[in-house]
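Here is the structure we will look at.
The values are calculated or read from the model by the stated rules, or taken from the named source; none is laboratory data. In this text, all values refer to a predicted model and were calculated from it rather than measured experimentally. Quick reminder, even Gly has a Cβ in these numbers, built from the backbone with ideal geometry, and neighbours come from all protein chains shown. Only protein heavy atoms, including side chains, enter the accessible area calculation; ligands, DNA and RNA are left aside. Shrake-Rupley method; radii C 1.70, N 1.55, O 1.52, S 1.80 Å.
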Amino acid sequence: MKYRKTLPWLAAVAFLATACGGTSATGTDASSTTSSAADAPSGADDPSGAEEKRNKALVLRLYTEAFNKGRTGVVKELVAADLVQHEKSVPGGAEGQVELFKRVKAKIPGAVATVKHVAADRDLVAVHWHASATPAKEATGQAKVDLYRVRDGRVAEHWGVTQTVPAKTASGNSLFNDVYRYPQGAPTLSEEQEEKNRKFAVSAYRRLSDGDVNVIDERWDSRYYQHNPAITNGTAPLKQFLQQGAQDGGSSGGDSDGDAPAAGGGTRFGHTLADGDLVWVFSSDYVVADLFRVVDGKIIEHWDVAAD
């Protein structure tokens, strides 16, 4: 499995992944697709979270009913006729979404969609899922992340990232499972705390992407549970991997608020979301999605999906 080209300053590192022709780049046109808290604080127009819950329930029906039960009529019910489709190999509208599901099932006969993580933030819903004919075996099939924009009760825009699941990972963790466990159960976070986590993780990831590996000591929990197939658990292996691959050392862009690019840094992010203790970051430069778990002011767990 090739590693992904997420960090621009690691362009020469082994395991690079490049986007194939049938995949979509998230946030390619930042002016029209970026929807982070630069537009509005998380949940600002929906303080109770009711609309986000409705959006999440709507999108999940695409997997439980349309994909798993083969009900294509559900897609036509939920997807707007003028849906903007960023998977360039299929048309827009409901027909394109139906075709995407058909292609997954053609590639993986008997495929079942198993949703692993889902987030709703403002008008965006992100889904991390496993497509496999043997879903109990997580080292099979495809890892996928879909991002949807919901407007007026229908899916209005879609981006997607797909990665073939490797047989083994360096950490022994799958690309999907949750390793960290709260000692007394997961807390319910306020919208304010979710937004704080989003800015914290995005600014930390931006600093790291701009070459500042010292941010790992500041922002990452030393236990750091890793689901990227090329790196094992802990912050020390992460630093070693990144330092070994750095070609020019990058430049620390300082600490931004998670929205505007840091001064001196070249990293650009597209969509960013926060829901519960997870922060989702979609790169606008490469076809990749990252998920970070933030606990007690530290990044403690990470998943990513990078296009084959």
Hydrodynamic calc, region 89-155: Kirkwood Rh from Cα pairs, then Stokes-Einstein at 20 °C with viscosity 1.002 mPa s, so D in µm² s⁻¹ is 164 µm²/s
For the residue 180, residue 105 Cβ pair and Förster radius 30 Å, calculated FRET efficiency rounded to 0.05 is 0.35
Residue separation between residue 71 and residue 84 times 0.36 nm, minus their alpha-carbon distance, gives in nm 2.5 nm
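Can you give the Rg to Rh ratio of region 181-243, both from alpha-carbon atoms, with Rh computed by the Kirkwood formula?
On the way: Rg = 13.5 Å, Rh = 13.2 Å.
Rg divided by Rh gives 1.02.
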Under a 1.4 Å probe, counting only protein heavy atoms, residue 114 has an accessible area in Å², nearest 10, of 40 Å²
Listed by chain and number, the residues whose amide H is under 5 Å from that of residue 231, excluding neighbours fewer than 5 places away on the same chain and using placed H, are 170, 171
At q = 0.10, 0.15, 0.20 1/Å the base-10 log of I(q)/I(0) from the Debye formula over the alpha-carbon atoms of region 68-185 is -0.34, -0.74, -1.16
In this structure, the FRET efficiency calculated for residue 218 and residue 167 from their beta-carbon separation, with R0 = 45 Å, to the nearest 0.05, is 0.80
In whole Hz, the Karplus estimates of ³J(HN,Hα) for region 188-196 (6.51, -1.76, 1.60; θ = phi - 60°; x where Gly or Pro) are 8, 8, 6, 4, 4, 5, 4, 5, 4
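Go ahead and run the numbers for FRET between residue 136 and residue 190, Cβ-Cβ distance against an R0 of 45 Å, rounding to 0.05. Numbers along the way, then the final one.
Working: r = 35 Å, r/R0 = 0.79.
Efficiency at R0 = 45 Å is approximately 0.80.
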The extension gain from residue 114 to residue 151, computed as 0.36 nm times the residue separation minus the Cα-Cα distance, is 10.8 nm
Taking placed amide H atoms and a strict 5 Å upper bound, the residues 5 or more places from residue 220 or on another chain that come that close are 299
Expressed in square angstrom to the nearest 10, the accessible area of residue 88 with a 1.4 Å probe stands at 150 Å²
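Filter the cross-link list 102/144; 116/137; 137/298 down to pairs whose alpha-carbon distance in this structure exceeds 21 Å. Mind showing how you got there, number by number?
Numbers: 102/144 15 Å; 116/137 13 Å; 137/298 30 Å.
From 102/144; 116/137; 137/298, over 21 Å: 137/298.
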